[in-house]
Structure formats: C-alpha cells, structure tokens
4 protein chains.
Amino acid sequence: MISVGIVGGTGYTGVELLRILLRHPNAEVKVLTSRTENGRRVDDMFPSLRGHTDLCYSDLNIEELKQCDVVFFATPHGVAMKHAEELVAANTKVIDLAADFRLQDLAQFEKWYGLDHACPELLKDSVYGLSELNREKIQKASVIGNPGCYPTTVQLGLAPVLKAEGLVKPESIIIDAKSGVSGAGRKASLGMIYSENADNFKAYGVAGHRHHPEIVEALENISGQKGVFNEILFVPHLVPMIRGMLSTIYIELTDAGASADLQSIYEQFYANEQFVDVMPAGSSPETRTVRGANQLRIAICKPQPKKLVILVAQDNLVKGAAGQAVQNMNLMFSFAENAGLQGIGLLP
Amino acid sequence: MISVGIVGGTGYTGVELLRILLRHPNAEVKVLTSRTENGRRVDDMFPSLRGHTDLCYSDLNIEELKQCDVVFFATPHGVAMKHAEELVAANTKVIDLAADFRLQDLAQFEKWYGLDHACPELLKDSVYGLSELNREKIQKASVIGNPGCYPTTVQLGLAPVLKAEGLVKPESIIIDAKSGVSGAGRKASLGMIYSENADNFKAYGVAGHRHHPEIVEALENISGQKGVFNEILFVPHLVPMIRGMLSTIYIELTDAGASADLQSIYEQFYANEQFVDVMPAGSSPETRTVRGANQLRIAICKPQPKKLVILVAQDNLVKGAAGQAVQNMNLMFSFAENAGLQGIGLLP
Amino acid sequence: MISVGIVGGTGYTGVELLRILLRHPNAEVKVLTSRTENGRRVDDMFPSLRGHTDLCYSDLNIEELKQCDVVFFATPHGVAMKHAEELVAANTKVIDLAADFRLQDLAQFEKWYGLDHACPELLKDSVYGLSELNREKIQKASVIGNPGCYPTTVQLGLAPVLKAEGLVKPESIIIDAKSGVSGAGRKASLGMIYSENADNFKAYGVAGHRHHPEIVEALENISGQKGVFNEILFVPHLVPMIRGMLSTIYIELTDAGASADLQSIYEQFYANEQFVDVMPAGSSPETRTVRGANQLRIAICKPQPKKLVILVAQDNLVKGAAGQAVQNMNLMFSFAENAGLQGIGLLP
Amino acid sequence: MISVGIVGGTGYTGVELLRILLRHPNAEVKVLTSRTENGRRVDDMFPSLRGHTDLCYSDLNIEELKQCDVVFFATPHGVAMKHAEELVAANTKVIDLAADFRLQDLAQFEKWYGLDHACPELLKDSVYGLSELNREKIQKASVIGNPGCYPTTVQLGLAPVLKAEGLVKPESIIIDAKSGVSGAGRKASLGMIYSENADNFKAYGVAGHRHHPEIVEALENISGQKGVFNEILFVPHLVPMIRGMLSTIYIELTDAGASADLQSIYEQFYANEQFVDVMPAGSSPETRTVRGANQLRIAICKPQPKKLVILVAQDNLVKGAAGQAVQNMNLMFSFAENAGLQGIGLLP
C-alpha cells in the first residue's frame, strides 16, 4: 500500500480521485487539503462518500505531503509548480491534473495561462501523462503533467493514423469537440448555473482555447512532424449533461490513406489496450457508455473516399482527468495498470 | 382571414403550427386531421392548448381540405404528394413540412426516402421554401416544400459567402450539426426514450443522412455552381435538450476571402431580414436565445487566417419547421411577413 | 400607452417582464435599471431580446422612475420598500415582485427576511396581488405585493374548498411543493450550478421556509379563519428543470366535504377565470403545459373517501411571478386582463 | 463461485444486474436470456459492457437455467411464477425483480396485475426480500420476491418508528414519492420519450398505484398491526432525471412520539446497517449522492411538534432493484453482504 496525498479536494477532479482511490487495492489516501475547508469532513461536503471514509480536509502542509509516496494536485493551474520541486526532492512523486506540466513550450504556457513557470528545469524532466502513448516514460517519471480532457481524445483518436506514415494530411485536421458541464469545474459562476446551461447548446472559445497549444505540441510529438499542426482548428462546445465528452475529428486522407484499411490499423494499434476501445465499423460511440468508467471509445467512418471522420468518446472526469491520473500512478508504482479502474460505465 | 387545414396534427410540428396559428391575426385553423385520433379534442392530447381552441381531430377528408385556402402537411414523408395535385386544382395552396417537395432530383428522393414520387410534374412547379433566399418565388407558389431543419441553418449560414464570388473553396465545407431530440419527432421508439438520451451525446447518420442531398442541391442553387458540393461532409449529433439546433460550419477561404471583411458581408447580406440575426464579431449564438422564436442567429469567426467558422443557431421546430412554414404562408398571402411570428424566445 | 420602469432587470423575473412587456399592446418600457450593468444594452446580456428592443440599463434614478406610470421591482427583498413612498407620492404605481409588501405581519417579515420594514404605513395600504382573489382591491391599489410563486399555487389550489364552509379540516393541510431551478433566481452560487442540480432531486427548507408565513396569512384571509393554519406543513423540493412548479396538496375532508361534488365546486369557482384551468376529473397537470404561459392548472383527486389531493401546476416565472405582475398591472390600469398574456405554452 | 442466470437481460434492471455481477467476486453469469435478442452479444446492445464480457443472449431454456445456482428474473410481471417451481425443484434459487412474489394477498395481486397466480403454494414459501428487515428469512429462502422501488423507501423510512410502539399514528401516513424516468423501464412508449419528459414534472397514478397494496402489506408486517394502513396516501411523481428516487413521508406523532428522541431511534435502528445511512439532523438527502450505489439515505425533520417528515433517497435501479437483489443473493449464499456492492455513488 502506498500513501497518497490530494491537494485541492473540493473540486470535481478531487472528489473523482477519492471515488477511485478509496476503492484502490494498493493505495490509501492519507492527506487531503483545501484552502477553505480545513477541518471539515470530506463526506460532509460530498455525502456520496458517507460510509467510505473518515478523512477531513487539512491546510496544505508540505511536510505532511512529503510523507506521501505520491501527491495529486487537483488544483487550479499554477499550484503544483510551486510545490513540485520540494516534493520531488523528498522522493514524493507528483501528478498534476492542472496544466503546469503539460506544455514544454514556456511561451505558450505563459501566453495561455498568464503565469511565469515556477520550475522550468523540473518541467523539462516531467513526463506528459498520456498513459497509452508515453507508458515507458511514465513508469520512470517523478512528475507527471496529466493531459487535458480534450487533448486526450484528440491524441488517442489520431495516433493510429499519425504514427503510420503518409496516410493523412496533418494540416487539415478539424476538431469539433463537445463536453459536459462538469468539465468547467465546480465554481460559483453565473455562466455555469443550471438555468443558463440546461436545454441549451453553444460553442465557446472559438477564437482560441488553452487546449489548442497542448494539442499541437502533443501531435508533433506523436507524429514526429514539427510545424504542420499550427493551423488546425479546435472548436469546443458545451453540452447540457454532467459528464461526457465527444470529439468529432475531421481529417483529409492522402491517396495512400484512402486505400488503406484504416479500421484494421486502428484495431491493431489498440489491440492490447484495455482502456481504449475501437468499435466496429459503422458504430457511433455514446458518452453514456463510458459514464464513470476509465474508458475511451473510438469509431471511424469514411463518408467520402478521401475524408475520415473519427469519433472519440470518454468521461471527461475519468479517462479525461482523475482516471487517467490513477492509471499513471499505477504505471509509476508498477501496480496492475487497471488497479482501481475496473468499474463498468453506469448505463442508463 | 384565411382558412387553414393541418394534416397530421399529432406530431411536434403539428402542435407547433397550432401554437403559432391560433394566435395568427390573419388565419384561422378550420380542419385538423389525424389518422388515429379522429373525434378527439386536440387540447385533450396537448393540454397546453386548453382555453385556446375547441378544435377536434377529424379523418382526412379531401373535400373539407379543398375548402381551405392553404393546407399544411405535418405528416410523414410521402403523404403530401398524394393529395397536392387535387388541392392545387381546387386553388388550395399546399405547404409540406416533410420532404416530398424538397428535392428536384428524383433519383436522390427515391434513394433516400424509398418512395417513387407521386407527382413529378407538380414537383417541378413547386418552390423550395427557404423564405429569405426564395422570397419572390414563394410569393407566387402554389406548392411549397418547406426546408429541412439542418438545411435551413446551412443555407442561411453559407449564403453570404457563396453568393459573393471567389471567397471560399466550396468543396471544403464541413458541417458539424447538433440537434435537440424533438427533431426526431413524436414517436414511440426505444432510441428516443428519456433514459437513452438524457445525460448523453452522440453522432448519428455519419455515413450518410437524408439532409445531405438537400444541402447539396440547395447550395448549388444558391451559388450557381454545380458539382462542387458533392463531397462536403455533414455529420449530425443528438443533444440532450428538447428544442434547438446549432450547426458549426467550417470552410476554407481563398486569398480573396481571407482579405475580405466577412463580418460586413454578413451584416449587409441580412441587413433587412428580421428573422436572421448576424451577431457581433466574437459572439457565440446559444440555442436558448431562440427557444420558441422564429429566429436564426449567425456568428462568424476566423480562428486561422484562411479558415472560417460559421455558427448558426435556431429552434428546429420554429425557424427549422413550423415557423418558417407560417413565414412562407405569410409571403404567399401577402400578409406581413412577421404576422404571428413576433414572439420572443423563452429565456431561461 | 403607459410608460413602465423596471428596477433590477438582470434577473430572471426581470427578463421575463421584458419578454412580456415588449409585446404588450398598452405599455412601453422606458426605464430599466441595474446596479452593475449601467450603460449596457439589455440585448447584449440577454440575446433573446435582440431585434426587439434598444433599451440600455441605467443606474436607478428616482426622478426618471417618477416619470413612469408604473414601476416593477424585480429586485432582491428590501429594495422596493426604500423607494415606494416617493414613487407613490409622485402618482407612480408600484408592483414589487419581492417580499416587501407580501406580509402584513411585520414580526414575520423581520424574522424571515432579516430586515426592518422601511414603510410600515404604506404596507398597510398595499394590496396583496393574487389577481383572481383580490381583483377589486388590486384595481384601486397604488402598491402591490406580488405573491410568491409557491403561495400562488397554494392559494388558488385551496380557495374553492376554503371559501366554501365546513368542507375541509384546515389544520390538516400538507403542501409538498416542487420547483424548477429558475425559482432560485440568477445568482453565481455553488449550489445552483448545473452539475450540482442536473439528474438530482432533493427537498430543501424542510425545517422552515419564507413562504410558510405568507401561505398562512393568505389562507387566513381567504378562509376568514385565524389561527388554524399555523401548523400546516410546507416542504419544497428542487426539480432538475428550468421552469415549472407543481404543488401536491393534501387535505382531510369533513363529512360534508366527503359527500360534496368537489369537482363541480372547483369548476364553478373558476368558471370565469381565463388563467386558472380546472382540468377534468382524473387529469394530472404537467408543468410543461404551462411553460411560458400565464396559466395555472388544477386537478383534484380523492384517492380515499375523506382525503383530497390537489395538484396545481404553473410556470414559476409567469403566473408565479412576472405574468401575474403584468396581470395586476392590467387590472390597475383597466386594460384587458389578458393584454400581453395570451401566449400559448411552449410544448414540447 | 456460484453460477448465475438472468432471465430478461434487455431491460434496465437486467443491465444493472450485469454491471454489478460482472464485478462480483463470488458469482459468474452463465446464462442470459431474451425473447427477442437470441444470439446477439450483450455488449452489442449495451456497449458500456464492451471489454467486460463475451456473453450472448439465448432463448429461455429451462434445462440451462437449472444448471445455475440462482436465477434472477428481470422480466415483466408474470414470467417468474411460470418457471419458479421447476427451478426450485432442481435446487436452483429464484430471485424475482418483478411482482410475482411480492404480495401474499392473491386478490390484490390479481386486481393490480391482472394475472392469476401460477404457483400460490410456492408464493407462501417465498420470502419478501427487503434485506435489512427480513435478513434471517432471506438467508434460508428458495424464492425471493424482490421489493418494488417505492416500497423499499417507505419500509426503510418508516420501520424505526413503526417497530417502536406508540410513537406514530399509522393511519396518517402520506407518501409523496418522486422517481427518475428509468423506473418505468426500457420500453418504446410515447409517454416515455425524451421530449415528453425533459423539463417537465407531473404526478401519476394519483387515484391508485400497484405499489400501494405492497406498501400496506409490508407495513402491516413490520408493525404487526393489521388494517390501520389501508387509507394511507401514496402519490408518485415523475422527475426529469434518469436514476434516483426520493420519498417524502409525512406522519403524525403521538404524544409519546412528540417527546421521543427520534433522531437517536433512527440512528440506533440502523447502527449496524452499511447500506442504510441515517444522516445528521437537518440534512436533506440528495438522490445524486447514491447514483449507482447500493445505498439508501434517510433524514428526519420535525417542522411541527407533532408532525414528522421523513426523507428517503435511493437509486431506484440499485437499492430499489438490482442492488438489493444481489444483496439478497449474498445473504442466500452466505457471501459477505456487501460483496460486489461496494461501489461509491457517482457524484457529480
């Protein structure tokens, strides 16, 4: 059993980490911090946890965190980078669910998050935690930047055709993404209240979104091609549902791509991955099939001979956040990769 | 006051026609038919109408319908074309909310709807009822094919850049469309029940959808260009909301298009249209702003120098169906175009 | 045409007043105030109003308000009472949608709202604006306390059996009430965000709710019986829907009540009321049948010989707030009582 | 490991049984039947199960079912009673999630379900499967009638005050119950489609509901008092959410009840029950806190000195159906009572 700390346990990724970790066979949550709820029982704030834990929130105490084997940061951007060096020095591993360790390009980080990076050297040694694509590096990492929810769908949706050579025109990528409202977190904000979001649909961040540079950098790393993804389009939308994310990705095929057996390429690429499900040709992945599960489903379709549509569904809070974070923890500590992550999606 | 008949008054477009027409200053609904509800008061089926009408359903009786000045068909595909010739001969105008008079290409009609056309000659004389784009023809028409909901958003969203010459690459069009569940009608079907659709998001019809040929034909007519739209992509999605539709349209700009003032082009194109609202640059139209209103809102954005994103929102049952049908009726009878259509969207 | 002012135009009752009044044949909104949005176009905040008004928010200026024939206060509790005397002195009528003029019992007002009343004398002259029950007084009033949403359902649901003598046991009343989320207003509050309310159901205010004393006082006035309603139960619940309210009211019948034709009593009581609909025996009023309409539907049922269940549905923002306020305005200015209020509910 | 059969695996209780049993440490599902889907993979119908099972539907074959240690019937009413005797004779235990073994009163069964009972003798030997209240009998039972969802909340909500003597007036009970839409099952029915249920609230079955006689019989058994519950009121309502049930129960207290420490009585009554959670005084149980969990939460409140309000929340598909069925299986086979049932509710 390893001991776990969670910094920032009052948001949705925090309570989702608890839902998973309180049932994890190899981990025990020892520390749970909150700036505002010091001393309060966590099951008083989240009664779904009643009967499952006696944990109370505490103030962030770096000495207590150093006693943990791993610390998750389920905090706003900019918190993890302030504490990561001290934790790593104490041999405590760090998994940040915010953006501090996602972007290697510091200029982009500063542009999109409005923050100077507090530990650029450690950033260089950190590993981008897309479990399926960076498994070996994650196993050896001390600091993980857990991917954004949208970028997870885009990378896993595109990796099979980007890793193969010459099948697609990378500059043609258009990502029309849709997320449930929990993706915006748990904040008292007028734009997030029920009556503003129910029975409504809209795009947001059309002119630019923080996940665009993360996607560009990640696709460059996957494909080994620099500079060809800068002009891809990424347009997120807000769906009146709590959890769930679907990305519809459009990409033009080369002649080679048009004649390739893409369904087989996808199936083979993920043949050994238990958390990535390539559905049969003609399928349409529904977000509800992964509700609460650390699962991502992909289906591809070629409605025109030289145009590919890739549909990617996940639960934004699980494979898109807390679930993948635990999957990374499992890799870092050589646990079974699915430890604590075998729950089946809640349908209906 | 003209007299109006509605054939098929038990579906959602039927009850929406009633909601509008029972408050219309120049029209009175005299006949309301249903195959299954003969004799039943309509306000027994739809209690929202209690206090507003004493109408009862009757069996379809062509002689009664001939007494009407205009007959709306809010029926499944294939019904209007069986009765249109007889009605037109009796000088009764016909507005079909189904697909019988949408496609001039009979091969496409038969392919997608599985029906031989019953009156191909009358089809040639019929007019496609996209009010803003075909206003003059509609005014003189005897038979109107009321547009599909998705095609309405696509045509009004693209007309300004397709009517102008050389601004866009027409073959690059991608339409990622999202609809509320009422778009699927009022049918007892497992796929439509609440617990299968709430808190869920999915694409459907990815490999092909009936509105694709309608969109292609309509864009050819708008642009005057044949053959360039065959390979456009159209991918509809289902949103867990009752009403509302948002189409996100992607199109590549030519050099001329990249340097044009597209915001002005859109604003001028619709300067005199009260039902089409070009929002300020940077806006994102929300479907709830048109809930219940005969209104369509457009916003455009250029996230990359040569790529345009067009966002188009409407209520699928109003501007996408019953509202536009009444707008067409107003044109055909020289009423004020907004008669009966001045209601403000229900927000929240 | 009368001129209208609205104080507090950024909340849901404010925008609902605008939706109704911008289409009212006898009224024109001249002044619209907001503490925070001075100078902003109202259709920038609520794009549903685009094309319908050029109004901008202004700071509250009492001299401008005095120029109006009537001023609606769609503000938090405690605002209207600060300005009412000055307005009345200038011959401007006041309709408060908050609680300042609902309770004649000052001790209860101070207990539940935490405020000293600013104008107790004017309060005595004010009229409680339950339109159907206080019509004559409303016609002559200068200041109206517009009823709370829950109390409206309770009063109209119980009036027929309380006005008749000896049919029911008043002390046995239990009100199990359910409201859509818009009833809580438009506020940035954690408890109101989408992901906390969707796919969820709960009671709130079980131990006590501000509408309890309002209900007690109102039922005393209706029945002419003091002291018998103090121990009635009122338990509100929150429904994951935007608009709509259903109160399920339980009451024990006396022997006389058990043998009376209650359905007839209800139908006769409301025979001349266009906004109160007594449904046929065996009906169940659905909130969606009144969505957006100034309508309240009642059905009664006697599942046991001496127990009556009364079901009352309304749109909390219309008959429960803004619609009833306009109905009161119509009464005060001798307009047709349904002027501006003839819209049909939006179903589906 | 025991072998399990599920008859009727295409409904919501069927797929919920699979979600639980496919992760159960002591049970393996061997047979899964469907009248309509013979030969189809279950994960083709419910893609949430992809990666978790290779089961296919088969026709109901009684010989195959006899090989199972236990058979769950997740079927319409009337199916289990046709096969139960043969299964019991083969030493296979039967758990019926429908109503065949819920009511000992045959007249009531025939009145409410319209069926003659096929095995009245076996019915007498069957046990009503309210796990917490009938634990010892369940452990020895061959046939279990799994309780209805509403009756589960009512019994567990009232048991502490009914088991104690003289605290309440049993004839005063009023149950105002609210259920998510999944409680109506998975059927193609007009009344269940999304656009008829979203953003809506209504009562149903006000004049009478099948769960009324089940509640009456169960409360008689709990309290040992016959005849005092016949006139209690039970009014169910439909909430626009997928899962979740809240019953608000009103009951009058005797003088003894009014002076008792009811909070303590509840806490002590359930002190050793892991699936029944008595919340602190002043709490309001939200259905989302039990989403997907085999958990029932109770809170009590005394808004008037002699009136008690009991709030009871559960997931209608888990503690209200499939979860309690597995809990009963665990009891029957002497497994840990929480085997397979330790999942934490999905919040948000």
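For B:Ala188, all conditions in the list (1) out of contact with any strand residue (DSSP E or B) (no Cβ under 6 Å at 6 or more places or on another chain); (2) modelled with pLDDT of 95 or more; (3) outside any helix (DSSP H, G or I) hold save one; what is the number of the exception?
With (1) out of contact with any strand residue (DSSP E or B) (no Cβ under 6 Å at 6 or more places or on another chain); (2) modelled with pLDDT of 95 or more; (3) outside any helix (DSSP H, G or I) applied to B:Ala188, the lone miss is (2).
So that you can scan it fast, the table gives a plain yes or no per residue for (1) among the charged types (D, E, K, R); (2) outside the structural domain of A:Gly180 (by TED's automatic domain parsing):
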| position | (1), (2) |
| --- | --- |
| A:Glu267 | yes, no |
| A:Gly282 | no, no |
| A:Thr287 | no, no |
| A:Cys301 | no, no |
| A:Asn338 | no, yes |
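Between B:Val290, B:Val309, which is touching a Lys or Arg at 6+ places or on another chain (Cβ under 7 Å) and either more than 26 Å from B:Ala164 (Cβ to Cβ) or not polar (S, T, N, Q) (or both)? Before you say what the answer is, go through the steps one by one.
Numbers: B:Val309 fails: touching a Lys or Arg at 6+ places or on another chain (Cβ under 7 Å).
Within the list B:Val290, B:Val309, the selection yields B:Val290.
Scanning the range D:263-283 for residues that are hydroxyl-bearing (Ser, Thr, Tyr) and without any contact (Cβ under 8 Å) to a residue 40 or more places away in the chain, which turns out nearest to C:Ala207 (Cα to Cα)?
D:Ser283
Does B:Glu110 qualify as being surrounded by fewer than 17 Cβ atoms within 10 Å (Cβ to Cβ) and within 28 Å of B:Ser334 (Cβ to Cβ)? Please lay out each step first, then the result.
Values: surrounded by fewer than 17 Cβ atoms within 10 Å (Cβ to Cβ): yes; within 28 Å of B:Ser334 (Cβ to Cβ): no.
Considered against the rule, which asks whether it is surrounded by fewer than 17 Cβ atoms within 10 Å (Cβ to Cβ) and within 28 Å of B:Ser334 (Cβ to Cβ), B:Glu110 comes out as no.
Quick one: in the range B:329-345, of everything that is within 12 Å of chain C (Cβ to nearest Cβ) and among the polar types (S, T, N, Q), which residue is surrounded by the most Cβ atoms within 10 Å (Cβ to Cβ)?
Narrowing the range B:329-345 to residues within 12 Å of chain C (Cβ to nearest Cβ): B:338, B:340-345.
Next, only the ones that are among the polar types (S, T, N, Q) stay: B:338, B:342.
Values: B:Asn338: 13, B:Gln342: 15.
For the range B:329-345, the residue satisfying everything is B:Gln342.
Table: residues versus (1) touching a residue at least 40 places away in the same chain (Cβ under 8 Å); (2) within 20 Å of C:Met245 (Cα to Cα); (3) of a type in the set (Ser, Thr, Tyr).
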{"site": "C:Ala293", "(1), (2), (3)": "yes, yes, no"}
{"site": "C:Arg297", "(1), (2), (3)": "no, yes, no"}
{"site": "C:Val309", "(1), (2), (3)": "yes, yes, no"}
{"site": "C:Ala313", "(1), (2), (3)": "yes, yes, no"}
{"site": "C:Val318", "(1), (2), (3)": "yes, yes, no"}
{"site": "C:Ala322", "(1), (2), (3)": "yes, yes, no"}
{"site": "C:Ala325", "(1), (2), (3)": "yes, yes, no"}
{"site": "C:Met329", "(1), (2), (3)": "yes, no, no"}
{"site": "C:Asn338", "(1), (2), (3)": "yes, no, no"}
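Restricted to the range A:267-299, and to residues that are within 17 Å of D:Val15 (Cβ to Cβ) and either over 16 Å from the mean Cα position of the chain (by Cα) or in a helix (DSSP H, G or I) (or both), which residue is farthest from the other protein chains (Cβ to nearest Cβ)?
A:Val290
Need the failing condition index for A:Lys302 against (1) crowded, with 24+ Cβ neighbours inside 10 Å; (2) in contact with a Leu (Cβ under 6 Å, 6 or more places away or on another chain), just the number.
Among (1) crowded, with 24+ Cβ neighbours inside 10 Å; (2) in contact with a Leu (Cβ under 6 Å, 6 or more places away or on another chain), the lone unmet condition for A:Lys302 is (1).
Given the criterion assigned to a helix (DSSP H, G or I), assigned by TED's automatic domain parsing to the domain that holds B:Gln304, out of contact with any helix residue (DSSP H, G or I) (no Cβ under 7 Å at 6 or more places or on another chain) and crowded, with 18+ Cβ neighbours inside 10 Å, identify the matching residue among B:His212, B:His237.
Values: B:His237 fails: assigned to a helix (DSSP H, G or I).
After ruling out the rest, the residue left standing is B:His212.
Let's see how each residue does on (1) over 18 Å from A:Val309 (Cα atoms); (2) out of contact with any Leu (no Cβ under 6 Å at 6 or more places or on another chain):
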site: A:Lys163; (1), (2): no, yes
site: A:Ile173; (1), (2): no, yes
site: A:Lys178; (1), (2): no, no
site: A:Val181; (1), (2): yes, yes
site: A:Leu190; (1), (2): yes, yes
site: A:Ala198; (1), (2): yes, yes
site: A:Phe201; (1), (2): yes, no
site: A:Leu219; (1), (2): no, yes
site: A:Met241; (1), (2): yes, yes
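When the range B:178-204 is examined, which residues are found to be under 15 Å from the mean Cα position of the chain (by Cα) and either of a type in the set (A, V, I, L, M) or more than 7 Å from every other protein chain (Cβ to nearest Cβ) (or both)?
Within the range B:178-204, the subset under 15 Å from the mean Cα position of the chain (by Cα) is B:178-180, B:182-185.
The answer is B:Ser179, B:Gly180, B:Gly183, B:Ala184, B:Gly185.
Any idea which residue in the range C:21-36 is farthest from C:Ile2 (Cα to Cα), counting only those that are more than 14 Å from chain B (Cβ to nearest Cβ) and of a type in the set (A, V, I, L, M, F, W, C)?
Within the range C:21-36, the subset more than 14 Å from chain B (Cβ to nearest Cβ) is C:26-28, C:30-36.
This time we only want the ones that are of a type in the set (A, V, I, L, M, F, W, C), so: C:27, C:31-32.
Details: C:Ala27: 5, C:Val31: 12, C:Leu32: 15 Å.
The residue in question is C:Leu32.
Residues checked against (1) without any contact (Cβ under 8 Å) to a residue 12 or more places away in the chain; (2) in the same structural domain as C:Arg291 (by TED's automatic domain parsing); (3) in a strand (DSSP E or B):
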{"residue": "C:Ile6", "(1), (2), (3)": "no, no, yes"}
{"residue": "C:Gly9", "(1), (2), (3)": "no, no, no"}
{"residue": "C:Leu17", "(1), (2), (3)": "no, no, no"}
{"residue": "C:Arg23", "(1), (2), (3)": "no, no, no"}
{"residue": "C:Val29", "(1), (2), (3)": "no, no, yes"}
{"residue": "C:Arg35", "(1), (2), (3)": "no, no, no"}
{"residue": "C:Gly39", "(1), (2), (3)": "no, no, no"}
{"residue": "C:Asp44", "(1), (2), (3)": "yes, no, no"}
{"residue": "C:His52", "(1), (2), (3)": "no, no, no"}
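Take the range A:302-328 and flag every residue that is out of contact with any strand residue (DSSP E or B) (no Cβ under 7 Å at 6 or more places or on another chain), of a type outside the set (S, T, N, Q) and more than 14 Å from chain B (Cβ to nearest Cβ).
Here is the first cut: in the range A:302-328, the ones out of contact with any strand residue (DSSP E or B) (no Cβ under 7 Å at 6 or more places or on another chain) are A:305, A:315, A:317-318, A:321-324, A:326-327.
Then drop every residue that is not of a type outside the set (S, T, N, Q), which leaves A:305, A:315, A:317-318, A:321-323, A:326.
The answer is A:Val318, A:Ala321, A:Ala322, A:Gly323, A:Val326.
Go over the candidates A:Ile242, A:Ile175 one by one and state the one that is assigned to a loop (DSSP other than H, G, I, E, B), within 12 Å of chain B (Cβ to nearest Cβ) and under 22 Å from the mean Cα position of the chain (by Cα). Before the answer, list the steps.
Values: A:Ile175 fails: assigned to a loop (DSSP other than H, G, I, E, B).
Exactly one residue qualifies, and that residue is A:Ile242.
Which ones in the range D:35-47 are touching an Asp or Glu at 6+ places or on another chain (Cβ under 8 Å) and surrounded by 20 or more Cβ atoms within 10 Å (Cβ to Cβ)?
Across the range D:35-47, the qualifying residue is only D:Pro47.
Which of the residues belonging to the range A:174-193 are surrounded by 24 or more Cβ atoms within 10 Å (Cβ to Cβ) and either of a type in the set (Val, Ile, Thr) or out of contact with any helix residue (DSSP H, G or I) (no Cβ under 8 Å at 6 or more places or on another chain) (or both)?
Residues satisfying the conditions are A:Ile175, A:Asp176, A:Lys178, A:Val181, A:Ile193.
Filter the range D:154-202 down to the residues that are without any contact (Cβ under 8 Å) to a residue 60 or more places away in the chain and of a type in the set (Gly, Ala, Ser), then identify the one that is nearest to D:Ala299 (Cα to Cα).
Out of the qualifying residues, it is D:Ala184.
Which residues, taken from the range A:219-239, are aliphatic (A, V, I, L, M) and either in contact with a Pro (Cβ under 6 Å, 6 or more places away or on another chain) or within 12 Å of another protein chain (Cβ to nearest Cβ) (or both)? Quick ask: steps written out before the conclusion?
Of the range A:219-239, the ones aliphatic (A, V, I, L, M) are A:219, A:222, A:228, A:232-233, A:235, A:238-239.
Once the filter is applied, which keeps residues that are aliphatic (A, V, I, L, M) and either in contact with a Pro (Cβ under 6 Å, 6 or more places away or on another chain) or within 12 Å of another protein chain (Cβ to nearest Cβ) (or both), the range A:219-239 yields A:Val228, A:Ile232, A:Leu233, A:Val235, A:Leu238, A:Val239.
Take the range D:198-219 and flag every residue that is farther than 30 Å from C:Ala198 by Cα and touching a Gly at 6+ places or on another chain (Cβ under 8 Å).
At the first step, the residues of the range D:198-219 found to be farther than 30 Å from C:Ala198 by Cα are D:213-214, D:216-219.
Correct list: D:Glu214 only.
Go through (1) part of a helix (DSSP H, G or I); (2) free of Cβ contacts under 8 Å to residues at least 60 places away in the same chain; (3) out of contact with any strand residue (DSSP E or B) (no Cβ under 8 Å at 6 or more places or on another chain); (4) surrounded by 17 or more Cβ atoms within 10 Å (Cβ to Cβ) for C:Glu86 and report which single condition fails.
(4)
Does C:Leu253 satisfy being over 22 Å from C:Lys319 (Cα atoms) and either surrounded by 24 or more Cβ atoms within 10 Å (Cβ to Cβ) or in contact (Cβ under 8 Å) with a residue 60 or more places away in the chain (or both)? Steps first, please.
Working: over 22 Å from C:Lys319 (Cα atoms): yes; either surrounded by 24 or more Cβ atoms within 10 Å (Cβ to Cβ) or in contact (Cβ under 8 Å) with a residue 60 or more places away in the chain (or both): yes.
Yes; evaluated as a whole, the condition is true for this residue.
The values are calculated or read from the model by the stated rules, or taken from the named source; none is laboratory data. Quantities reported herein were computed from a predicted structural model and do not represent experimental measurements. Please note: Cβ atoms are built from the backbone with ideal geometry, for glycine as well, and neighbour counts cover all protein chains shown.
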